[in-house]
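K.L.:
Have a look at the structure that comes next, please.
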Number of protein chains: 2
Amino acid sequence: MDAIALPEPREDIIARREEIVRKLKTLVAPDCVIDDETGRRAYETDALTAYKRLPLAVVLPSNTQEVSRVLAYCNENAIKVVARGAGTSLCGGALPQEDAIVLGVSKLNRVLHIDYQNRTARVEAGITNIAISNAVASAGFFYAPDPSSQIACTLAGNIAMNSGGAHCLKYGVTTNNVLGIKMVLMTGEVIEFGGEALDAPTYDLLALIVGSEGQFGIVTEATVRILPAAEAARPMLLGFETSKAAGACVAAIIGAGVIPVAIEFMDRPAIEVCDDFSKAGYPRDVEALLIVEVEGSESEIENLLTRIQQIASFFEPKVIRVSQSAEESAAIWKGRKAAFGAMGHISDYYCMDGVIPLRKLADVLVEISRICTEHSLPVANIFHAGDGNLHPLILYNANDAEEASRAEACGAEILKHCVKVGGCLTGEHGVGIEKRDLMGLQFTKIDLEQQMRIKSVFDPNWLLNPAKVFPLDGREMP
Amino acid sequence: MDAIALPEPREDIIARREEIVRKLKTLVAPDCVIDDETGRRAYETDALTAYKRLPLAVVLPSNTQEVSRVLAYCNENAIKVVARGAGTSLCGGALPQEDAIVLGVSKLNRVLHIDYQNRTARVEAGITNIAISNAVASAGFFYAPDPSSQIACTLAGNIAMNSGGAHCLKYGVTTNNVLGIKMVLMTGEVIEFGGEALDAPTYDLLALIVGSEGQFGIVTEATVRILPAAEAARPMLLGFETSKAAGACVAAIIGAGVIPVAIEFMDRPAIEVCDDFSKAGYPRDVEALLIVEVEGSESEIENLLTRIQQIASFFEPKVIRVSQSAEESAAIWKGRKAAFGAMGHISDYYCMDGVIPLRKLADVLVEISRICTEHSLPVANIFHAGDGNLHPLILYNANDAEEASRAEACGAEILKHCVKVGGCLTGEHGVGIEKRDLMGLQFTKIDLEQQMRIKSVFDPNWLLNPAKVFPLDGREMP
């Protein structure tokens, strides 16, 4: 792959590397600047490994003041800055460049304050997603957004990409669960958005920051909503003879106003790979499988499962299997949670992230299959069906350049179709480098120019996370 | 009142009034330009009636193209524009000026498309809030945000102020229920944000627009979420011996993870006035009353009400009364819904809109009482307790200038305290003219400058809804 152009790095900045590293070592503890090539190699890519660029240096500040000092210095010296959480971005969101430093937030990982009565937690932004839930688990609380990478990924990265996860159908994505943010601007100025209370006067800058892909500033702290865990939860499996029937069933469940915690979709290729890998005991004679999880008291669970079975019956499922024990529940989720790993075990894959209006789900699945057949590439579908967030995995051989570029074209075609039916390019993975040149499919020139003017307000010199999000052509930048 | 300064109107614009009116009549149908003084008087104020200014002219466009033509003309001619929905703003958000035209959206009131499977409705922005619910009621759906003014207020105004309502505790406020927007920029350019599907790539401009108080552009269409109505709902009354106990009970209910549809709070002065006016049958021997409504199936309702009574019992309520019939439920809500009207019947009042972290509720109620005693003014508290959104009504005599300015000082003191405990100046009413000069209490100079830079991106000449939101001192404008 690597078909997407990156601008030429600035040689004058690269020539000043030693001086810059020396200066950075005065702004943070010297051992928090990674200077040697081996060390920098660890930061040359993220989970979109097709793209690799060696950064100028890596800085790992320990507090907001250090972040402020580093950004002010870089701003004065026109040095680009790429913010990085855990580097789990699937769209190249943390890809560095040769004339850019990487600013990693991994040392900003403390829990600052937990307030159970107000149901909030104040944390540093480099904390891992799962560590927030762990910190409040003993009191029966959790942090809702749960990306598949939650063991590794940071809240900072979740905020940058407005990350979701299987359980976001009920609880919302990152933007619905973050109440306040402390952010350092490229000038070094520190701004606070939101707070512990609901809402804030005037513009909702908080929602603007969430999902801004590290282009506006570096988030160092956040106040997040924590929720009491439900009394109990129970998943069921529904197997269908066609993907179309499964898709229509999802739309019917949501349309009827039943909101399960999660509705996950897997098609036959995904079922086979996941079941082989994890021995989850999935039915093997169906074309599509839904995992529908509901939660609440025992009576609520019974009530919801009954209603879902009633709705599903219109679509003639071949299999209806309600978990009867904690072990069965764990097995059902084990297959789904291992999906991406299992798939990576058998093939390289290119993971799409389109979003569509739910009523189009059945038709879009048919179209995805047609597009992949046309490109002679196998596809497996594993995704958050309840909120219309598709993750087709296009299987290909990364060592075959022709096949790789075919996979990329195939993916672009799928995303184009998502936009065409009223959906959009990305649900939770972000634009990054991967979808940058597709932005014109979704937005008019007027739209993009307006977005770029806002980028310029936060970062007038366009130094933060360069080369991402906006097509290089038509950029309004110095 | 009217203590808040407005800039001098531009005499050169006022001198061109006739020419401007003539031109406007070529841009929209001539009978959609209100030119005569009597007609313009109807638009000189909104629900914050202490402030009045006669607008230059009033324009009522019939479609997006007309809005676009009017804005482009005004932009070229440096004519200020104040957008107006139904004029129900409690913070002077639609107050015009002598050198500004009012652009009313009341003719943009059509339902364009309803999609039950996707649970969305596309409407023109001038539609009233209640009309959206009415349009989908026969299919068992509704539009969730329900400001007290919902019979009159428009979706456009709800979007401008990010309006809430009693039932937003469960369903969220406007920003959580709007999926897409069509907006005309001051240049006349038309932009779309969001759409039918969840999320959109890159910046969440949709959330930035919601709550921007008519400062960024004129919203002409929106796609909103519609929700299936619950099977049933049931309110209960809880009466307490002190406001502090009632406040602590609210925090305990929310802290325990029980989310009723609504938790409304009334203190003794409010109970008496509302009960006298509406004959709701409220208990008269308590200091504070909570109306807690839950919804769902019968078993869910029973379950939730039992848990709420368990939690409430720690705070020793004097009265626990669960509605036993549709009539009793209606009576309970009748008193609350008539509250502001009932209060207006006996006195002028100044309605605050502070938001606080829920755990501070009990203490803040004590402090509000202290502040009002210090200012020798009676106060009644009627508000959305579940989300920490306070509405203290300060009672005063509007014909007594000294008392009026005392009420204003008292309100400022209350808002100052809300900010001090970690809350904010406004929950759902907006900043408008009323809280403009208090913004410095909540935001630093850096914060305000950053917000104003964003305002400048959308409206570089600062023509939209002038003199609102930002203190006049320190504005970055031409």
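The values are calculated or read from the model by the stated rules, or taken from the named source; none is laboratory data. From a predicted model like this one, the values you see are computed outputs, not experimental measurements. Counting neighbours? That spans all protein chains shown, and the Cβs are built from the backbone with ideal geometry, glycine included. Accessible surface areas use protein heavy atoms only, side chains included; no ligands, DNA or RNA. Shrake-Rupley method; radii C 1.70, N 1.55, O 1.52, S 1.80 Å.
K.L.:
Specify the residue that is surrounded by the most Cβ atoms within 10 Å (Cβ to Cβ); the eligible residues are those in the stretch B:27-46 that are among the charged types (D, E, K, R) and more than 30 Å from residue B:396 (Cα to Cα).
P.N.:
Step one: filter the stretch B:27-46 for residues among the charged types (D, E, K, R), giving B:31, B:35-37, B:40-41, B:44, B:46.
This time we only want the ones that are more than 30 Å from residue B:396 (Cα to Cα), so: B:31, B:35-37.
Numbers: B:31: 8, B:35: 18, B:36: 8, B:37: 9.
So the residue we want is B:35.
K.L.:
Continuing with this model, one more query. Please verify whether residue A:473 is in the same structural domain as residue A:76 (by TED's automatic domain parsing), open to solvent by less than 10 Å² (accessible area, probe 1.4 Å), of a type in the set (Asp, Glu) and over 18 Å from the mean Cα position of the chain (by Cα), treating the condition exactly as stated.
P.N.:
Values: in the same structural domain as residue A:76 (by TED's automatic domain parsing): yes; open to solvent by less than 10 Å² (accessible area, probe 1.4 Å): no; of a type in the set (Asp, Glu): yes; over 18 Å from the mean Cα position of the chain (by Cα): yes.
In short, no.
K.L.:
Please state which of the following conditions residue A:446 fails to meet, knowing it meets all the rest: (1) facing another protein chain (nearest Cβ under 7 Å); (2) within 22 Å of the chain's Cα centre (by Cα).
P.N.:
So the condition that residue A:446 fails would be (2).
K.L.:
So for the stretch A:413-431 (the condition being facing chain B (nearest Cβ under 7 Å) and more than 22 Å from the chain's Cα centre (by Cα)), does at least one residue qualify? Quick ask: steps written out before the conclusion?
P.N.:
If we filter the stretch A:413-431 for residues that are facing chain B (nearest Cβ under 7 Å), which is where we start, we get A:422-427, A:431.
Imposing the further condition that a residue be more than 22 Å from the chain's Cα centre (by Cα) reduces the set to none.
No, that holds for no residue.
K.L.:
So in the stretch B:194-212, with the set limited to residues that are more than 7 Å from chain A (Cβ to nearest Cβ) and open to solvent by 10 Å² or more (accessible area, probe 1.4 Å), which one is modelled with the highest pLDDT?
P.N.:
The qualifying residue modelled with the highest pLDDT is B:206.
K.L.:
Specify the residue that is least open to solvent (accessible area, probe 1.4 Å); the eligible residues are those in the stretch B:136-157 that are touching a helix residue (DSSP H, G or I) at 6+ places or on another chain (Cβ under 8 Å) and free of Cβ contacts under 8 Å to residues at least 40 places away in the same chain.
P.N.:
B:145
K.L.:
Any chance the stretch B:261-275 includes a residue that's in a loop (DSSP other than H, G, I, E, B) and open to solvent by less than 10 Å² (accessible area, probe 1.4 Å)? Please lay out each step first, then the result.
P.N.:
Just the residues of the stretch B:261-275 that are in a loop (DSSP other than H, G, I, E, B), to begin with: B:261.
Then drop every residue that is not open to solvent by less than 10 Å² (accessible area, probe 1.4 Å), which leaves B:261.
Among the residues of the stretch B:261-275, at least one is in a loop (DSSP other than H, G, I, E, B) and open to solvent by less than 10 Å² (accessible area, probe 1.4 Å), which makes the answer yes.
K.L.:
Got a number for residues in the stretch B:369-396 being over 22 Å from residue B:436 (Cβ atoms) and either in the same structural domain as residue B:172 (by TED's automatic domain parsing) or buried (at least 16 other Cβ atoms within 10 Å of the Cβ) (or both)? Step through it out loud before you land on a result.
P.N.:
Our first condition is that a residue be over 22 Å from residue B:436 (Cβ atoms); within the stretch B:369-396, this holds for B:369-370, B:372-374, B:376-388, B:395.
Of the ones still in play, those that are also either in the same structural domain as residue B:172 (by TED's automatic domain parsing) or buried (at least 16 other Cβ atoms within 10 Å of the Cβ) (or both) are B:369, B:372, B:377, B:379-388, B:395.
Residues flagged as over 22 Å from residue B:436 (Cβ atoms) and either in the same structural domain as residue B:172 (by TED's automatic domain parsing) or buried (at least 16 other Cβ atoms within 10 Å of the Cβ) (or both) within the stretch B:369-396 amount to 14.
K.L.:
Let me ask something else. Quick one: would you say residue A:367 is out of contact with any Ser or Thr (no Cβ under 7 Å at 6 or more places or on another chain) and within 14 Å of chain B (Cβ to nearest Cβ)?
P.N.:
Details: out of contact with any Ser or Thr (no Cβ under 7 Å at 6 or more places or on another chain): yes; within 14 Å of chain B (Cβ to nearest Cβ): no.
Against the criterion (out of contact with any Ser or Thr (no Cβ under 7 Å at 6 or more places or on another chain) and within 14 Å of chain B (Cβ to nearest Cβ)), residue A:367 does not qualify.
K.L.:
What is the one condition in (1) more than 12 Å from chain A (Cβ to nearest Cβ); (2) more than 16 Å from residue B:261 (Cα to Cα); (3) surrounded by fewer than 23 Cβ atoms within 10 Å (Cβ to Cβ) that residue B:232 does not satisfy?
P.N.:
Going through (1) more than 12 Å from chain A (Cβ to nearest Cβ); (2) more than 16 Å from residue B:261 (Cα to Cα); (3) surrounded by fewer than 23 Cβ atoms within 10 Å (Cβ to Cβ) one by one, residue B:232 breaks only (2).
K.L.:
I'm told residue B:399 meets every condition in (1) open to solvent by 50 Å² or more (accessible area, probe 1.4 Å); (2) within 14 Å of another protein chain (Cβ to nearest Cβ); (3) assigned to a loop (DSSP other than H, G, I, E, B) except one. Can you identify the failing condition by its number?
P.N.:
(2)
Table: residues versus (1) at negative phi; (2) of a type outside the set (Asp, Glu); (3) within 24 Å of the chain's Cα centre (by Cα).
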| site | (1), (2), (3) |
| --- | --- |
| A:261 | yes, yes, yes |
| A:281 | no, yes, no |
| A:295 | yes, no, no |
| A:305 | yes, yes, no |
| A:310 | yes, yes, no |
| A:320 | yes, yes, no |
| A:337 | yes, yes, yes |
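K.L.:
Of all residues in the stretch A:111-135 being more than 12 Å from chain B (Cβ to nearest Cβ) and among the polar types (S, T, N, Q), which is surrounded by the fewest Cβ atoms within 10 Å (Cβ to Cβ)?
P.N.:
Taking the candidates together, the pick is A:134.
K.L.:
If you don't mind, another one. Got a sec? Which of A:468, A:435 is in contact with a helix residue (DSSP H, G or I) (Cβ under 8 Å, 6 or more places away or on another chain), more than 8 Å from chain B (Cβ to nearest Cβ) and of a type in the set (D, E, K, R)? Steps first, please.
P.N.:
On the way: A:435 fails: more than 8 Å from chain B (Cβ to nearest Cβ).
Just one listed residue meets the conditions, A:468.
K.L.:
Would you mind stating whether residue A:99 is under 30 Å from residue A:141 (Cα atoms) and acidic (Asp, Glu)? Walk me through how you get there before you give the answer.
P.N.:
Working: under 30 Å from residue A:141 (Cα atoms): no; acidic (Asp, Glu): yes.
No: the conditions fail for residue A:99.
K.L.:
Do we find that residue A:464 is touching a strand residue (DSSP E or B) at 6+ places or on another chain (Cβ under 9 Å), buried (at least 20 other Cβ atoms within 10 Å of the Cβ), modelled with pLDDT of 95 or more and among the hydrophobic types (A, V, I, L, M, F, W, C) in this structure? Full working, then the answer.
P.N.:
Numbers: touching a strand residue (DSSP E or B) at 6+ places or on another chain (Cβ under 9 Å): yes; buried (at least 20 other Cβ atoms within 10 Å of the Cβ): yes; modelled with pLDDT of 95 or more: yes; among the hydrophobic types (A, V, I, L, M, F, W, C): yes.
Spelling it out, residue A:464 is indeed touching a strand residue (DSSP E or B) at 6+ places or on another chain (Cβ under 9 Å), buried (at least 20 other Cβ atoms within 10 Å of the Cβ), modelled with pLDDT of 95 or more and among the hydrophobic types (A, V, I, L, M, F, W, C).
K.L.:
Does residue B:189 satisfy being in the same structural domain as residue B:124 (by TED's automatic domain parsing), modelled with pLDDT of 95 or more and surrounded by fewer than 22 Cβ atoms within 10 Å (Cβ to Cβ)? Spell out how you get there, then give the answer.
P.N.:
On the way: in the same structural domain as residue B:124 (by TED's automatic domain parsing): yes; modelled with pLDDT of 95 or more: yes; surrounded by fewer than 22 Cβ atoms within 10 Å (Cβ to Cβ): yes.
Against the criterion (in the same structural domain as residue B:124 (by TED's automatic domain parsing), modelled with pLDDT of 95 or more and surrounded by fewer than 22 Cβ atoms within 10 Å (Cβ to Cβ)), residue B:189 qualifies.
K.L.:
Let me ask something else. Could you please find all residues in the stretch A:304-322 being part of a helix (DSSP H, G or I) and farther than 20 Å from residue A:271 by Cα?
P.N.:
If the condition is that a residue be part of a helix (DSSP H, G or I) and farther than 20 Å from residue A:271 by Cα, then A:304, A:305, A:306, A:307, A:308, A:309, A:310, A:311, A:313 are the ones that fit.
K.L.:
For the stretch B:441-478, which positions are more than 23 Å from residue B:187 (Cβ to Cβ) and of a type in the set (Asp, Glu)?
P.N.:
B:447, B:449, B:473
K.L.:
Looking at B:99, B:115, which one is of a type in the set (Asp, Glu) and modelled with pLDDT under 95? First the steps, then the outcome.
P.N.:
Values: B:99 fails: modelled with pLDDT under 95.
Selected residue: B:115, the only one of B:99, B:115 that is of a type in the set (Asp, Glu) and modelled with pLDDT under 95.
K.L.:
On the basis of being in contact with a helix residue (DSSP H, G or I) (Cβ under 8 Å, 6 or more places away or on another chain), within 14 Å of chain A (Cβ to nearest Cβ) and either open to solvent by 20 Å² or more (accessible area, probe 1.4 Å) or not hydroxyl-bearing (Ser, Thr, Tyr) (or both), does residue B:252 make the cut? Can you show your working first?
P.N.:
Numbers: in contact with a helix residue (DSSP H, G or I) (Cβ under 8 Å, 6 or more places away or on another chain): yes; within 14 Å of chain A (Cβ to nearest Cβ): yes; either open to solvent by 20 Å² or more (accessible area, probe 1.4 Å) or not hydroxyl-bearing (Ser, Thr, Tyr) (or both): yes.
Judged against the criteria, residue B:252 is a match.
K.L.:
Here's a check for you: in the stretch B:1-26, which residue that is touching a residue at least 60 places away in the same chain (Cβ under 8 Å) and closer than 17 Å to residue B:61 by Cβ is surrounded by the most Cβ atoms within 10 Å (Cβ to Cβ)?
P.N.:
B:24
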